[in-house]
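Data first, discussion second: the structure below is written as structure tokens.
The values are calculated or read from the model by the stated rules, or taken from the named source; none is laboratory data. Quantities reported herein were computed from a predicted structural model and do not represent experimental measurements. Neighbour counts run over all protein chains shown; Cβ positions are idealised from the backbone, glycine included. Accessible surface areas use protein heavy atoms only, side chains included; no ligands, DNA or RNA. Shrake-Rupley method; radii C 1.70, N 1.55, O 1.52, S 1.80 Å.
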Amino acid sequence: IRVESQYEKGSRFYFVIPLRIYNDRTRKLDLSILEGKTFLLVDDKEENIMRLTNLLDKWGVDYRDCRTAKHALVSYVNNQRFHFDLGLIDVVMPGMDGNTLANRIARSQRPFPLIALSSQDDDNDVSNAFVHRLVKPYSDEALLETVIQVLSLNNETRASKSSTDSEE
């Protein structure tokens, strides 16, 4: 704040109002890619599962959630009744960790793309079975952008593979 004043002329007041530009990138993203998708969520922390399920509900995505990697493997990954388009998997969990689960999903009969949710900022701690990694804490926007990017790349890969298969 600054004031300039002259006797019998008046005063001028100067001030600066700090404004943050609101950038809602989620509105610019095409959410139609999420329609009809089913995700597998695996995290041992209840609050993380609740956050993810609230976001997926908001985005209209179907999901199955598990508190342990073993439960995910036995109940969903090895069960022919379930098909997943994407997995959101915590890396550090007691018992079977997220890396082991990711490796098993990658070698399963029906692998699907996986995003690592890691509290560690070291690429060496994440299996190559993951196609992407988000470091906790991450923003809702970062998660959504990553999910859309991974699903888009997976769709392109499938389209490319099916056109190659039909040419043979």
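Could you work out the relative contact order of the chain, using alpha carbon pairs under 8 angstrom and six or more residues apart, expressed as a whole percent?
Reported relative contact order: 17 percent.
Of all accessible surface on the chain at a 1.4 Å probe, what whole percent is carbon and sulfur?
After summing per-atom areas, the C and S share lands at 49 percent.
Net charge around Ser75, counting only other residues with Cβ within less than 14 Å of its Cβ (Lys, Arg = +1; Asp, Glu = -1)?
It works out to a net charge of +4.
Could you rank the peptides 73-80, 111-118 by their average count of other C-beta atoms within 10 Å per residue, with the highest value first?
111-118, 73-80
Can you say what percent of the DSSP beta bridges in the chain, counting only those with both residues inside, are antiparallel? Round to 5.
25
Mind counting lysine pairs for me in the chain? Cα separation below 30 Å, and the two need to be 8 or more apart along the chain or on different chains.
Close lysine pairs found across the chain: 15.
Taking the Cα centre as origin and putting +1 on Lys and Arg beta-carbons and -1 on Asp and Glu beta-carbons, what dipole magnitude results for segment 1-101, to the nearest 20 debye?
It comes to approximately 400 debye.
Please calculate how many Å² of accessible area the chain carries per residue, with a 1.4 Å probe and no DNA, RNA or ligand atoms counted.
So the chain comes to 65 Å² accessible per residue, rounded to a whole number.
Equivalent-ellipsoid semi-axes (√(5λ), Cα gyration tensor) for the chain, whole Å, largest first?
Taking √(5λ) for each eigenvalue gives 45, 21, 15 Å, largest first.
What fraction, in whole percent, of alpha-carbon pairs in segment 31-108 exceed 16 Å separation?
Distances greater than 16 Å cover 47 percent of the Cα pairs.
Just from its helices, what would the mean residue ellipticity at 222 nm be for the chain, if runs of 4 or more DSSP H residues each count -39500 (n - 2.57) and the sum is divided by every residue, rounded to the nearest 500 deg cm²/dmol?
Value at 222 nm, helices only: -10500 deg cm²/dmol.
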